[in-house]
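Asks: Encoded as structure tokens, here's the structure I'll be asking about.
The values are calculated or read from the model by the stated rules, or taken from the named source; none is laboratory data. Predicted, not measured: the structure shown is a model, and the values here were computed from it. Because the Cβ atoms are built from the backbone with ideal geometry, glycine has one as well, and the counts that use them run over all protein chains shown. With ligands, DNA and RNA removed, areas are computed over all heavy atoms of the protein, side chains included. Shrake-Rupley method; radii C 1.70, N 1.55, O 1.52, S 1.80 Å.
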Amino acid sequence: MPESRKGRTRLGSAIATGSRPAPSESRRCTSLGAATWLLSDTLRSFVPAPGNSNGVIPSQQLAGQPQMVASALQVGPAIESEPTLPLAQSFVAATGAVLLAGAAGRHRRGRRGRKEFRSASVAALAVGESSLARHRSDTSTTPKGAARGSVLSLRAVPEGGYCESPNECVRRKTRTVTVGAVKLGSDHRIATQTMATTLTHDVEATVAQIKQCADMGIDIVRITVQGMREAKACEFIKKRLLEDGYTTPIVADIHFTPKVALVAAEHCDKIRVNPGNFADGRKSFDTIDELTEDHIKEAQEQIEEAFAPLVLKLKEKNKALRIGVNHGSLSERILFQYGDSPEGMVASAMEFAEICRKYDYHNFVFSMKSSNPKVMVEAYRSLAREMYKRGWDYPLHLGVTEAGGGADGRIKSAVGIGALLLDGLGDTVRVSLTEDPDHEAAPCKALRAAAEAAVGKGVAPFEEKTGRLQGPVARRECDFPIDIPLNHDGSVLSMLPAEKVNLMGTQALCDAVGLRLRKDGDVQKDWKSVDCCVILGELSEKGAENVKLMLQVPIGVVCEPGPNVPEGATVLLAAGSVSSPQPERVGGYALTFTGEESAAEIEKACSLANPRFAFLKPASQDAVTYKARRFFALLGQSAAIARMPAMLWFSYPKVEGFSEDDKVIRASADFGSLFVDGFGEGILWDSEDLDAEKLRESSFNLLQASRMRISKTEFISCPSCGRTLFNLQKTTKRIQARTGHLPGVRIAVMGCIVNGPGEMADADFGYVGSGVGKVDLYVKYDCVRRAIDSENAVDQLVDLIKEHGKWVDPPEEDEEEVTIVGAVATA
């Protein structure tokens, strides 16, 4: 062995045992080894000894693993070559990060300081471990059963923070995970998924439904496996599918029952486990008042005891796993440590992933679902950041859980899933609808098409100072005009051609913008009325009268310049056309920008027109997410315009062969990818294929899904499965009919207790199946009425809403009313 390598080996042993090597041995080490020793030695001085009141993390526990440092120093002469300099710098920087974390930890007290220290130590040293693994010799020993290259080589955290690029859609590089006949990962097409709603022990019905879903284009189907009867049925389901020529992989959905998972793993292609209830499933939230490192260690050991047998079984059978975290079913311990937060979701997932990696099992994917798209997006982004830091490349399964049905469910799913796909995140998708599972195929395929169309498109690099890439940020603070009735939580705008406005009677005008017309001629706003109407073209005198009528209601009106534009209307100007100062007028001006302007061009146009607000109206929808992010970044650079409201005006031309799902989902992904980050104060959705009422309804739904403007009752309803204890679709419709007029109230409708009561945290009231013909009612986390007969449960839910002061009587139809557009049927 060369002398230099002997020195490194002895140095590695010294570090592993905590002793200092002889000076002669230190001198034989490479500069990397010396730097590592120096930092490691210094690090030990910052780490309190076991039992020290400053903390409880001993030096030998530092993620670290002295063995990792030792093996790093044994990689041989190749590490001395010049190309390894970045590697050395990365490793030293990682160790330095731990130093800083340790130093900070000394001056903090309590669990928060220890947690930050521990997290920084694990993340930083994991980077070092993964980076050095790449340089080990090809002849190094591989554990029995482990695939070569199972440890990812170092990849620096990208400029995008949580994604590959901040200015272009680049798909995140992920490993291939094999799920039966389907492969997941960045080298493969995004896969589509759904979940059967049949009773799994009914083999004939389940096989028929899986085949129906496969025929609609679904790649993978999940089934409920809640007990041994269902687990044993999986054998016959798989056998029947293969006999009928269907290779569609089946996934066993497991909650609470590790032993059942072991049986299902014999026959299913993949197992989904929920970390919140696989081994730590207590669903009370007030039994822990203190949590020590010993408590955490004990809980993690219990998880490993329950989970490791499944990991080993899946590894032996070459089957796949999904670590599927749900926001609504985090364990009490995780909630106590991290709160009801994306950070807690990531921590829960990592505990299970570390067990998989401990046993050299890597055929798994992650999911981080929530019924709240904003929480869901941030959870996936946080997970992606953490994986970049650790050098991991596991695929992501995307989904918004309990999205509901109809347009609401599709839009809510598109906001969350679409926002991630347009950033290059995601390898498989499921749109959870309270409908038959084959109905999920079209929106899944529409989201995949949107993602595929976005890849490779973007804008030139730009500087983004909002902090968005590092974590969630607050919405922009804006100065809204006092003479235009915009909604501060998000405005809905519509567009009409002047040639139509010039010919419209009052009734037609009201229909077009969602107003209500009474028999006495009075025109009133309805809850689905637009806030502002943009009229393109030259107004006639008749058209001007219609504009005045709208202004009196009031709703805002924006018109292109012309002789008949009435006072009070806002004049619309293209930013590039403004070359001189514009005169002051009531209603002022609105400017349209394409998103391709420079900072100087934006500031000049605004200084000349002093606009009430702006529109971002790109010439095409290509890379619109990145164009908009750049535009808002430029607005923020100038104090004079940083607080100017900006509406998103996106136009979608007719596309041959596009279904309604395609149209709604593509636009919802575009708008939603910006609204979840606080970009845009309103929406003008212009589409040749959707009528005015559909566009208005979808616009309100999109703002609500983005957690901006709450205009109606929100229903969080699960998609149903074999655990469901009542007819979920019919029950949800009954509840919607009774309570759909309560803006701002959130009601969860759950078929069983699997995702509750945690999901109740995002709802004001919960309706949860608890037994055959029985329902439990919740207020937030708390079950307040148990085992109610299902025949009376909706009435009791209404009573509960009244008791808590959230009820208002539904509006009665006015006898004098000609029509109410949207909310009530035509008289």
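Asks: For the cross-link pairs Lys259/Lys315; Lys239/Lys445; Lys315/Lys358, which exceed 18 Å when the distance is taken from alpha carbon to alpha carbon? It would help to have the intermediate numbers written out before the result.
Replies: Working: Lys259/Lys315 16 Å; Lys239/Lys445 27 Å; Lys315/Lys358 12 Å.
Correct reply: Lys239/Lys445.
Asks: If you average the alpha carbon positions of the stretch 190-255 and of the stretch 419-478, how far apart do those two centres end up, in angstrom?
Replies: If you average the Cα positions of each part, the centres end up 28 Å apart.
Asks: In addition: Take the alpha carbon gyration tensor of the stretch 291-352, find the square roots of its eigenvalues, order them as a ≥ b ≥ c, and report rounded if a/c is under 1.5; if not, report prolate when a/b exceeds b/c, else oblate. All intermediate terms of the calculation are to be shown ahead of the outcome.
Replies: Numbers: a/c = 3.31, a/b = 1.53, b/c = 2.17.
Oblate.
Asks: Determine the alpha carbon to alpha carbon distance for each of Lys270/Lys369; Lys183/Lys317; Lys465/Lys663 and list only those over 23 Å.
Replies: As for pairs spanning more than 23 Å Cα to Cα, those are Lys465/Lys663.
Asks: Given a 1.4 angstrom probe, what's the average accessible area per residue across the stretch 177-236, in square angstrom?
Replies: Values: 2310 Å² over 60 residues.
Here the residues of the stretch 177-236 average 38 Å² of exposed surface.
Asks: On to the next question. Ignoring ligands, DNA and RNA, what percent of the 1.4 Å accessible area of the stretch 614-703 is carbon and sulfur?
Replies: On the way: 1240 of 2720 Å².
Using a 1.4 Å probe with all protein chains present, the stretch 614-703 comes out at 45 percent carbon and sulfur.
Asks: If you don't mind, another one. Taking the square root of 5 times each eigenvalue of the Cα gyration tensor, what semi-axes in Å does the equivalent ellipsoid of the stretch 415-488 have, largest first? Don't jump to the answer; show the numbers that get you there.
Replies: On the way: eigenvalues 192, 88, 31 Å².
In descending order, the three semi-axes are 31, 21, 12 Å.
Asks: Roughly how far apart, in whole Å, are the Cα centres of the stretch 537-570 and the stretch 583-599?
Replies: For the stretch 537-570 versus the stretch 583-599, the Cα centre distance is 18 Å.
Asks: Any idea how many Lys pairs in the stretch 505-620 come in under 28 angstrom at the alpha carbon, given 8 or more places apart or on separate chains?
Replies: 11
Asks: What are the aspartates and glutamates whose alpha-carbon lies under 14 Å from the alpha-carbon of Lys297, with same-chain residues fewer than 8 places away excluded?
Replies: Counting by Cα, and skipping residues close in sequence, Lys297 has these aspartates and glutamates nearby: Asp280, Glu305, Glu351, Glu354.
Asks: Something else about it: Using the reciprocal of the averaged 1/r over all distinct C-alpha pairs, how large is the Kirkwood radius of the stretch 601-751 in Å?
Replies: Details: mean 1/r = 0.0561 Å⁻¹.
Result for the stretch 601-751, one decimal place: 17.8 Å.
Asks: What lysines does Lys733 reach when the alpha-carbon gap must be under 19 Å and sequence neighbours fewer than 8 apart in one chain are set aside?
Replies: Lys412, Lys712, Lys774
Asks: When ranked by the protection proxy of mean other Cβ atoms within 10 Å per residue, highest first, what sequence do the peptides 652-664, 522-534, 431-443 form?
Replies: 431-443, 522-534, 652-664
Asks: Okay, moving on. For the stretch 628-635, what does the Karplus curve 6.51 cos²θ - 1.76 cosθ + 1.60, with θ = phi - 60°, yield as ³J(HN,Hα) per residue in whole Hz, taken in order and with x for Gly and Pro?
Replies: 5, 4, 5, 4, 5, 5, 5, 4
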